[in-house]
Amino acid sequence: MPDKPNILVLVVDCLRADKVFGAGRGCKTPFLDAWRARGVSFTQCISTATTTTPSIAAQLTGQFPAFNGVRSHSGYKLNPSTTPLAQYLKDAGYRTLARVTGPISPEVGLDRGFDDYRWRKRRDYAFGLWGEQLLDELRGLGGKAPWFLFLHLFELHKPRQILPQFNRAEFGVNFYERSLSSLDGTLGKIIETAGPDAVVFLTGDHGEKLLPSAFRDHIYELSRPIRKPLRKLIGKLSRNPVSDAFYETGHGFHVYDELARVPLVVVGPALPVNTTVQQQVRHVDIAPTVLEIAGASPASLSMNGRSLLPLVRGEEAEDRLAYCEAVGAALPNAKSWLVGIRSPQYKYCYRPFADRPFEELYDLRADPSEQTNLAPGQPQLCAEWKAKLQTLSQEFEAQPILQGQKMTEAEQQILEERLKDLGYIE
């Protein structure tokens, strides 16, 4: 591997781990299946949040939301004390670029450290003209190494994009699977154009709760005009304005595995091939891994994450406890916010601002679909995991918990217009 290899971090919005690694998936992804065999697959990677902006912030800083200050799509932006990944790489001589969409616009502050940070409208999909321009841009980077590109794709996000030839049952049982089948070839073009010497990280920002069939997808989309006002009315009449029951699909409303477990695949020169790492890892581990690969790790890193390379080299065997939260746009009432901790066996979460204590505890080995809440009968075990959660979320005990920088009124207004366009707010 070159001393300073080109690095591509490719994030596919809403990409679930079980749709990349799962045996029972209905989607057809021949490129991804073959490409994974060329590198390292982390099958137990946990997102730091189940909404886009705080998840991306964790990836680009190596910090949990309480440290980097980004806990939702709007309101606060990146903490001025946080040094993001792009800045470390820029200081090490990298040309740093980002091509993003959705809610991660420059107003959030995640553009810090990038030489070239471009936000595009959600309708600029990789299938069309924008995608061709991206490939041309990648080809043009060849003589300007080393470069770091952070690329965020939106095709799996609602409204899901499906090329006509893939909108058939043979490519998936629902719109999500068909959309991923449709995207597979485009991912191949992007990754191959990045070049054989590039190190490529592929992950999702979070997962997605799905309906079981394309027929139900159709009914769900047709009923949107009815569901929204009905949800508002019920919310006004309810003590708790936001109930999980009204968010039966999508993401952001909980920390269940279908929302929090994402794929992570790393392929590049000098990395082992056809390798699977079973230990649990986290999104906050991506930034320190990129820095080690780039040979750009400073002596002291203010990151919650740790490089994944010791796991790849077999120098580390333990799972890493994962912090995850559901905070913000999908749960505008803070009483419904969730914070959680996950190990390979247990997941514990609770609502820190609820009027009454509400805890959830799941044995993931015995109950992988998280159907049985053990918390009512396991108060001692809940207390133990709550203590671990609080320690993990504040693991830099020598430092105060950092608060994000409040957005200006103008920044907030710009972002809210973009969130309305995306359908996040009305």
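Throughout, read-outs are computed from the coordinates displayed, never taken from laboratory work. These figures come from a predicted structure and were not determined experimentally. We place every Cβ from the backbone using ideal geometry, glycine too, and count neighbours over all the protein chains shown.
Most simply put, the chain has about 50% antiparallel DSSP beta bridges, counting only bridges with both residues inside it.
Distant-in-sequence amide contacts of residue 28, defined by a placed amide H-H separation under 5 Å and a gap of 5 or more residues or a different chain, comprise 181.
Scalar couplings 3J(HN,Hα) for region 29-37, obtained by applying the Karplus form with A = 6.51, B = -1.76, C = 1.60 to θ = phi - 60°, are 10, x, 5, 4, 4, 6, 5, 4, 5 Hz; x denotes Gly and Pro. So who's got an amide H within less than 5 Å of the one on residue 206, skipping anything under 5 residues away but keeping other chains? H placed 1.01 Å off N, in plane. HN-HN under 5 Å from residue 206: 14, 15. Answer rounded, prolate or oblate for region 64-120, using the Cα gyration tensor with square roots of eigenvalues a ≥ b ≥ c: rounded when a/c is under 1.5, else prolate when a/b is larger than b/c, else oblate. Oblate shape, in that a/c is at least 1.5 and b/c is the bigger or equal ratio. Taking every alpha-carbon pair under 8 Å whose residues sit at least 6 apart, the chain reaches a relative contact order of 26 percent. Evaluating 6.51 cos²θ - 1.76 cosθ + 1.60 at θ = phi - 60° for every residue in region 341-356, the Karplus couplings come out as 9, 9, 10, x, 9, 10, 10, 10, 8, 8, 9, x, 10, 6, 5, 10 Hz, glycine and proline recorded as x.
I'd like the distance separating the alpha-carbon centroids of region 24-78 and region 252-312, in whole Å. Value for the Cα centre distance between the two parts: 10 Å. Each peptide in 306-315, 282-291, 50-59, 170-179 was scored by the mean count of other Cβ atoms within 10 Å over its residues; highest first, the order is 50-59, 282-291, 170-179, 306-315. Pull out a ≥ b ≥ c, the square roots of the eigenvalues of the alpha-carbon gyration tensor of region 56-95, then state rounded if a/c is under 1.5, prolate if not and a/b is larger than b/c, and oblate in the remaining case. Judged from the Cα gyration tensor, region 56-95 comes out prolate (a/c at least 1.5, a/b above b/c).
Summary of the geometry: region 332-391 and region 166-203, compared by the centres of their Cα atoms, lie 34 Å apart. Remark on residue 282: its backbone amide H falls under 5 Å from those of 46, a criterion applied only to residues 5 or more positions apart or on other chains, H modelled at 1.01 Å from N. Mind running the shape call on region 18-81? Use the C-alpha gyration tensor, a ≥ b ≥ c as the square roots of the eigenvalues: rounded below 1.5 for a/c, prolate if a/b tops b/c, oblate otherwise. Prolate is the answer for region 18-81, as a/c is 1.5 or above and a/b outweighs b/c. Helices in the chain that qualify as membrane-span-like (whole DSSP H runs, Cα extent of at least 15 Å along the helix axis, mean Kyte-Doolittle hydropathy of 1.0 or higher) do not occur.
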